[in-house]
1. Tell me which of these Ala146 doesn't satisfy, since it passes every other one: (1) open to solvent by 20 Å² or more (accessible area, probe 1.4 Å); (2) more than 30 Å from Asp242 (Cα to Cα); (3) in contact (Cβ under 8 Å) with a residue 60 or more places away in the chain; (4) not hydroxyl-bearing (Ser, Thr, Tyr).
2. Within segment 101-133, can you find the residues that are at pLDDT 95 or above, under 15 Å from Leu64 (Cβ atoms) and either within 24 Å of the chain's Cα centre (by Cα) or open to solvent by 10 Å² or more (accessible area, probe 1.4 Å) (or both)?
3. Quick one: is Ser320 touching a residue at least 60 places away in the same chain (Cβ under 8 Å) and among the small types (Gly, Ala, Ser)?
4. Identify all residues within segment 188-203 that are open to solvent by 20 Å² or more (accessible area, probe 1.4 Å) and closer than 25 Å to Ser280 by Cβ; write none if there are none.
5. Applying the selection to segment 134-143, what residues are under 22 Å from Lys364 (Cα atoms), out of contact with any Lys or Arg (no Cβ under 8 Å at 6 or more places or on another chain) and either open to solvent by 10 Å² or more (accessible area, probe 1.4 Å) or at pLDDT 90 or above (or both)?
6. When you check Ser195 against the structure, is it more than 27 Å from Ile329 (Cα to Cα), of a type in the set (S, T, N, Q) and not in a strand (DSSP E or B), yes or no?
7. With the condition kept exactly as written, say whether any residue in segment 178-185 is assigned to a strand (DSSP E or B), among the charged types (D, E, K, R) and surrounded by fewer than 23 Cβ atoms within 10 Å (Cβ to Cβ).
8. Can you list the helices (runs of 4 or more DSSP H) found entirely within segment 121-171 that contain at least 3 residues being farther than 19 Å from Val17 by Cα and in contact with a Ser or Thr (Cβ under 8 Å, 6 or more places away or on another chain)?
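The values are calculated or read from the model by the stated rules, or taken from the named source; none is laboratory data. As the structure is a prediction and not an experimental result, all values here were calculated from the model. Heads up, the Cβs are rebuilt from the backbone with ideal geometry, glycines too, and the neighbour counts pull from every protein chain shown. For accessibility, only protein heavy atoms count, side chains too; no ligands or nucleic acids. Shrake-Rupley method; radii C 1.70, N 1.55, O 1.52, S 1.80 Å.
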Amino acid sequence: MVKVLYVVDRLHRGSGVTTVVLNYLLHMDRSDIRIDVIALYTSDSDVVEELVDSGINVHFMPALSLIKIRSYWQFWHDFFQDNKYDIIHSHFNQIDYIVFSVGKHYGIKEFISHSHNTKLSEIKWKAIRNFIMCYPARKLATRWAACSDVAGVALFGKEFLQSEKSIRINNAVDCRLFGYDADTRSSMRKQYGLSDKIKVLACIGTFKVQKNQAYLLPILKELLSDDDNYRLIFVGGGNMLDEVKKKVDDMELSQYVIFAGVVSNVKDYYQMADVLLMPSLYEGLPMVGIEAQVSGLPCIFSDGITKEVNLNINSNMYLSLKVPAIKWIEGIKMLSTSALRQDSVFIKKCGYDIDFEAERLKCKYIGWVRSKNS
């Protein structure tokens with residue numbers, strides 16, 4: 001039986017990386033493969049419980065501390081002495097060098113470093129630090145994985161585009177779970193007291209600099225001056241939530257903006273919305289964008305988001321963050337008047353059906369290990 005260790009920083013319900021990991025692990029047939037997960041102690045207990053209930057062992061690791069670096073290395077030596085694996089699949093690139101180095105010492109031969117974003121950080125000094133921490137792992141990694149070409153280049157350089165080590169692992173979703181449902185749309189709108197004439201604009205993601213939610217507020221303000229039948233709903237939490245709430249109050253938009261918080265039924269919010277807005281400064285390949293398209297929701301993406309997320313070019317739009325607000329308003333009006341919700345079949349054809357993609361990845365794991373042992 002092939003044994004794989006997934007290394008993740010923090011298992012968090014609002015994290016795109018956590019969503020990708022959960023999607024693959026919970027949809028993968030593990031009858032001939034064993035997968036363990038190791039994550040930080042600060043992981044969300046409900047996510048850990050979901051993995052454990054599905055039969056996956058979850059281990060915990062301490063946070064990396066430079067002042068305790070020797071004990072951190074020792075932790076991994078102790079861990080691999082007690083736990084044997086064929087593959088390490090890391091989604092926590094900053095510690096790849098340490099984990100891969102120690103893993104190699106204990107006989108592990110396959111190391112996958114997985115890039116999920118197009119920048120190492122939005123803060124310059126952190127980006128430099130992360131580059132220094134991630135760079136040495138390029139040589140130790142036997143596979144360079146990424147959700148998009150842009151994300152691959154960001155972590156591994158332009159070599160990613162030609163290297164035989166490179167592999168695309170799509171941010172696939174459960175098409176059955178996110179498919180459009182008119183009854184859910186109706187019940188969700190009723191829950192928030194929204195009539196059919198109201199056009200709902202959804203922005204889903206953690207409140208942080210990268211997601212750039214506050215960018216939408218002046219656009220909403222100008223949009224409402226012409227037509228007050230619009231509402232903007234934010235789904236998610238984060239350290240910039242209070243700042244955005246204050247701006248909403250200062251701009252006198254409180255009655256037009258809904259803060260749903262962190263939810264476990266994000267799929268239902270795609271159903272109630274008319275347009276998804278993503279003003280992100282950058283993205284690797286956002287899960288939210290894929291999920292929205294599976295639900296048939298038209299999307300407006302900022303030009304900081306990789307073009308690879310645009311699976312349905314007839315229903316989506318890319319706009320620069322530097323154009324006047326009127327351009328976003330025109331796009332919102334055009335897309336929100338579309339009554340047609342696309343079927344999710346085309347998403348499967350694009351390689352984003354999780355049942356197929358999870359099986360494909362499992363077969364690659366088994367094939368890689370067999371080739372190393374032959």
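1. For Ala146, the exception is condition (1).
2. Ser101
3. Spelling it out, it is not the case that Ser320 is touching a residue at least 60 places away in the same chain (Cβ under 8 Å) and among the small types (Gly, Ala, Ser).
4. Tyr192, Lys199
5. Arg138, Lys139
6. no
7. The first filter runs over segment 178-185 and keeps only residues assigned to a strand (DSSP E or B), leaving none.
Checked against the condition, which is being assigned to a strand (DSSP E or B), among the charged types (D, E, K, R) and surrounded by fewer than 23 Cβ atoms within 10 Å (Cβ to Cβ), segment 178-185 yields no hits at all.
8. Numbers: elements: 124-134, 137-140, 149-156.
Of the helices (runs of 4 or more DSSP H) lying wholly inside segment 121-171, those with at least 3 residues that are farther than 19 Å from Val17 by Cα and in contact with a Ser or Thr (Cβ under 8 Å, 6 or more places away or on another chain) span 137-140.
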